Amino acid sequence: MSGVLAQATFRPEFIWDNRHIFLDGVWLTVRIAVVAFALATALGLVVALLRMSRSRILGPIMAAYINVFRAIPLLVFVLFVYYGVAIHFSFSISAIQAGVLALTLQYSAWLGEIFRSGIQAVADGQRQAAMSVGMSRPQTFVRVVMPQATRIVTPPTGNMFIGMIKDSSLVYIIGVPELLRVSNLLANRTFRYFEVYLGTVIVYLILTTAVYFMFKYIERRFQLVDVLTSKVRSPFAKRRAARLRRLQDEVLAARDTEPSVRLATE
Amino acid sequence: MSETPTNGSEPQPVVRLRDIHKSFGSNHVLKGIDLTVHKGEHVVIFGPSGSGKSTLLRTVNLLEIPDSGSVWFEGKEYGPGVDGEHLPKGKARLLRQEIGMVFQQFNLFPHITALDNVALALRRVKRIPRPEAETRAAAYLDRVGLLDKLAAYPAQLSGGQQQRVAIARSLVMEPKVMLFDEPTSALDPELVGEVLAVMRRLAETGMTMVVVTHEMGFGEEVGDQNIFMDDGAVVEQGGRGIYKDAQEPRTREFLRSIL
Ligand SMILES: Nc1ncnc2c1ncn2[C@@H]1O[C@H](COP(=O)(O)OP(=O)(O)O)[C@@H](O)[C@H]1O
Ligand SMILES: [Mg+2]
């Protein structure tokens, strides 16, 4: 009936007029994506570490974990976790919890592989150097390997977060009222398919672009600058530079006490 | 300390390896090596690539655990021991705190400054508070002539400067022995001199050193004990004269080949 008419004229203000619906949906999308991603990151780190362990049991188990979760289509997995397992076996978990669980498990497999390759990309000489000055294995991992691996995995991890925001839309299928689900309902009720889905597309674009720039910012923060020779603006860097200059003066003043230990001329 | 010989015998060595064997899979890399290093002594090891020099050096501080053999440090057993002997074992981590090591590829930590590279082990291993650790680290960077570079990151330093930071990183722990694994092999020719100069000065201060190098000039100048290794075994050892008149044909051939 009115659907035919509605398609005739494009009314962009329809999107704005229904903003509270989009906002409710996107708020749930963000919460699902952030929670699932945080859990997947923690679980992914555990998966990576166990995968690399010298244990003959844990290593292969984790390899299987990674391969299984990466091999199942996410939409199928969401249905399986909620209808297949949760409902069938009467686990009392909500659709949202089931959706978060499915996303977490699958993303922990992808992230686990990213973290493993990042940790293995840190040169073996780094571990040897740390051990040679007497650092323990945990100290070597936390102080030397992790910071370098973090830099290596940040760009692919950012891509995974963007993927998580997009993939979180698939939990619409089990009735979670996130952005895609509320969009579907709105479109079915008003027949303004073009306006509704245009609004949905725009909101996803804004979200993923924001995450993209967030990770660009984090990557920029990793840049290494010599606070003594470059122009630094941050109050932290200025304070650090002042402290290092005092340290240099201190050492110069103490030089005369033991001139014999100097190993190099200027 | 053990300067005075007890009951007429030799003074106790700082490092003593005995009958060290190491294989990687079916590759028998060390075939029964003995090495004795006394306090203040400078040992120079040379030999063809793949002969096991790095593996031997890494055995001294147990970065490589030998399959069998004795790794003594100041009279204490740290290795698996020679067959039939059951000796008290020291902890590898404590051994490494007493032994410094300098690598061919420098292996500085690229994500922290020169100062933090030198201060890291003081803070995390010796648990010295940050201000005190930084003061000591800066003093050691000054010793190797890099006080002005303390805020630089490794990537902002030349190879020679990186290797000097690496030397300071080891020395700051006040080790009793310093190991050098081809410390100048990765350097551009014009940067070799500054690193060798620091090592020569360090030798003059009486530091006990084991140096793998193909810089024969360095061996002739400071090498008290010069060892030629080939195929996992010691072929010949001798004093400074070994570079001019080696006895073994294999040694002579190798020395001719690297000139
Ligand atoms: N971690 C390792 N795993 C397997 N093989 C190794 C390892 N380290 C060294 N090797 C092998 O041991 C032999 C001796 O190596 P190395 O001690 O580095 O010799 P050099 O320092 O004299 O060149 C070589 O054949 C090398 O391939
Ligand atoms: Mg080598």
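With Cα atoms defining each centre, the stretch A:187-266 and the stretch B:174-245 are spaced 42 Å apart in the structure.
Remark: accessible surface ordering of B:E248, B:E182 (largest first) is B:E248, B:E182, probe radius 1.4 Å. Classification of chain B by its C-alpha gyration tensor yields an oblate form. The axis ratio a/c (a ≥ b ≥ c) is 1.5 or more, and b/c is at least a/b. Helix B:159-171 and the longest principal axis of the C-alpha atoms of chain B enclose an angle of approximately 80°.
Mind checking the per residue accessible area of chain B for me, 1.4 Å probe, whole number of Å²? Each step should come with its number before you reach the end.
Details: 10740 Å² over 259 residues.
Ligands and nucleic acids excluded, the figure is 41 Å² per residue.
When Rg and the Kirkwood Rh are both derived from Cα coordinates, the Rg/Rh ratio for chain A amounts to 1.15.
Between A:S136 and A:Y193, what length in nm is gained on full extension when 0.36 nm per residue of separation is reduced by their alpha carbon distance?
Using 0.36 nm per residue and subtracting the Cα-Cα distance, I get 14.4 nm.
Is there a simple number for the mean count of other chain Cβ atoms within 10 Å of the Cβ of residues in B:100-111, and what is it?
5
If the chain linking B:K76 and B:R250 were pulled fully straight, counting 0.36 nm for each residue of separation and taking away their Cα-Cα distance, it would gain 59.1 nm. Using only Cα atoms, locate the centre of the stretch B:131-168 and the centre of the stretch A:91-163, then give the distance between them in Å, rounded to an integer. Centre-to-centre distance over Cα atoms comes out at 31 Å. Contact order for chain B, expressed relative to its length and based on alpha carbon pairs under 8 Å spaced 6+ residues apart, stands at 23 percent.
Between their Cα atoms, which of B:K76/B:K149; B:K39/B:K244; A:K216/B:K126; B:K39/B:K126; B:K53/B:K76; B:K91/B:K149 are more than 28 Å away from each other? Violating the 28 Å limit, Cα to Cα: B:K76/B:K149; A:K216/B:K126; B:K91/B:K149. Heavy-atom accessible surface of B:S49, to the nearest 10 Å², is about 120 Å², with a 1.4 Å probe and all protein chains retained. Within the full protein context, the accessible area of A:Y83 is estimated at about 110 Å² for a probe radius of 1.4 Å.
What average number of partner chain Cβ atoms lie no more than 10 Å from the Cβ of the residues making up A:121-128? Walk me through the numbers on the way to the answer.
On the way: counts 0, 2, 3, 1, 6, 6, 2, 9.
Counting other chains' Cβ atoms within 10 Å and averaging over A:121-128 gives 4.
For the protein assembly as shown, the Cα gyration tensor yields ellipsoid semi-axes of 61, 29, 19 Å (square root of five times each eigenvalue, largest first, whole Å). Residues B:K149, B:K39, B:K91, B:K22 ordered from highest to lowest accessible area at a 1.4 Å probe: B:K91, B:K39, B:K149, B:K22. For chain A, the membrane-span-like helices by this rule, meaning whole DSSP H stretches whose C-alpha atoms cover at least 18 Å of axis and whose Kyte-Doolittle mean is 0.5 or above, are A:19-52, A:58-71, A:95-121, A:193-221; this says nothing about an actual membrane.
Can you tell me the relative contact order of chain A? Whole percent, Cα pairs under 8 Å, sequence separation 6 or more.
It comes to 27 percent, rounded to a whole number.
Against the compact-protein benchmark of 2.2 N^0.38 Å, the Cα-based radius of gyration of the stretch B:186-259 scales to 1.16. In terms of the Cα gyration tensor, with a ≥ b ≥ c the square roots of its eigenvalues, is the stretch B:61-211 rounded because a/c is under 1.5, prolate because a/b exceeds b/c, or oblate? Since a/c reaches 1.5 and a/b is larger than b/c, the shape of the stretch B:61-211 is classed as prolate.
The values are calculated or read from the model by the stated rules, or taken from the named source; none is laboratory data. Everything numeric here is computed off the predicted structure, so don't read it as measured data. Glycine gets a Cβ as well: all are built from the backbone with ideal geometry, and neighbour counts include every protein chain shown. Each accessible area value is taken on the protein alone, full model and side chains, heavy atoms only, with ligands, DNA and RNA left out. Shrake-Rupley method; radii C 1.70, N 1.55, O 1.52, S 1.80 Å.
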